[in-house]
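Participant: Sharing a structure with you now.
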Amino acid sequence: MTFDPHPPRVVRPDKAPPLLMTKAQKLDGLAQAGVDGAAIVRFTHELSQWEPETFVRTVLVEWLRVSEVWVGANFLFGHDRSGNFSLLRTLGARYGFKAEKIDPVRYKDFVVSSTRVRRLVSEARVDEAAALLGPSVCRLTAWWSAATQRGRTIGFPTANLCTENELAAAARRLRDDRHRRRHRDAVGHQHRRRGRPSTRPAGRPIETHIFDLDRDLYGATIRLGFVQRLRDERAFDSLDLLKSQIAADCARARVLFDRLSL
């Protein structure tokens with residue numbers, strides 16, 4: 001069971017964290033993990049005011065008719081997060097379902113958490129994020145957008161992509177869902193404004209230069225995965241310097257892909 005929208009967006013929207021996945025990506029990830037079905041409960045301000053027992057009786061018992069409930073080690077629920085696992089187990093005994101707790105997943109000497117992964121992705125440390133949750137967390141679904149085709153004029157044609165993903169960083173592979181083919185690519189924000197590449201927020205185009213691809217991608221929906229950040233943003237005093245840097249970035253990306261057998 002999951003909520004939509006994410007509860008902080010209802011109870012404290014000014015502090016709500018950016019989401020790692022869209023709802024569609026989350027459901028797809030659950031299915032790939034072997035989950036047969038998912039219940040999406042619409043989270044509202046009214047629901048956020050329910051006491052723990054009201055939530056259990058209404059959502060878990062009357063709506064979902066659960067027989068077992070498994071929750072994370074730090075699970076809290078109900079108004080003001082006043083319910084904990086001990087209360088859930090007590091209510092389970094009262095209403096006829098079993099409650100169990102899942103131990104934290106650890107990586108090296110720390111607990112894997114969405115907070116840690118968000119921080120790593122937001123800092124473009126996608127290789128570390130992938131070590132915690134796998135490459136799927138460093139992936140976005142995107143669609144082709146209208147473009148100026150400026151990249152083609154300097155020798156590096158790019159696919160200009162829009163995405164609903166809120167967290168995105170630097171480059172691994174591109175998969176065209178129509179043809180189920182994988183390609184190696186380099187991603188950047190290379191449009192020029194006074195010579196300076198700039199970061200684009202979610203929902204605005206991201207540019208990806210796809211290696212060794214010679215066909216039309218207009219109208220395609222693609223998945224773009226990320227492996228490693230190549231460099232920070234830089235200002236360029238001339239178009240020639242920008243072109244030289246892009247060429248160097250592509251060369252580094254090819255070496256990385258060969259090393260990782262991508």
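Participant: If a residue must be in a loop (DSSP other than H, G, I, E, B) and either of a type in the set (D, E, K, R) or more than 21 Å from Ala16 (Cβ to Cβ) (or both), how many such residues does the range 113-130 contain?
Facilitator: Counting residues in the range 113-130 that are in a loop (DSSP other than H, G, I, E, B) and either of a type in the set (D, E, K, R) or more than 21 Å from Ala16 (Cβ to Cβ) (or both) gives 3.
Participant: Can you find, within the range 68-80, the residue that is farthest from the chain's Cα centre (by Cα) among those that are surrounded by fewer than 13 Cβ atoms within 10 Å (Cβ to Cβ) and under 17 Å from Thr2 (Cα atoms)?
Facilitator: Out of the qualifying residues, it is Glu68.
Participant: Within the range 208-251, restricting attention to residues that are among the hydroxyl-bearing types (Ser, Thr, Tyr) and modelled with pLDDT of 80 or more, which residue is surrounded by the most Cβ atoms within 10 Å (Cβ to Cβ)?
Facilitator: Ser244
Participant: For the range 90-112, what are the residues that are touching a residue at least 24 places away in the same chain (Cβ under 8 Å), exposed (fewer than 12 other Cβ atoms within 10 Å of the Cβ) and part of a strand (DSSP E or B)?
Facilitator: Across the range 90-112, the qualifying residue is only Ile102.
Participant: Helices (runs of 4 or more DSSP H) wholly in the range 1-89 with at least 1 residues that are within 23 Å of Arg119 (Cβ to Cβ) and of a type in the set (Val, Ile, Thr) - which ones?
Facilitator: 8-11
Participant: Next question. Which condition from (1) more than 28 Å from Leu133 (Cα to Cα); (2) within 21 Å of the chain's Cα centre (by Cα) is the one that Lys15 breaks?
Facilitator: Unmet for Lys15, out of (1) more than 28 Å from Leu133 (Cα to Cα); (2) within 21 Å of the chain's Cα centre (by Cα): (1).
The values are calculated or read from the model by the stated rules, or taken from the named source; none is laboratory data. In this text the structure is predicted, and so the values were computed from the model without any measurement. Every residue, glycine as well, gets a Cβ built from its backbone with ideal geometry; the counts of neighbours run over all protein chains shown.
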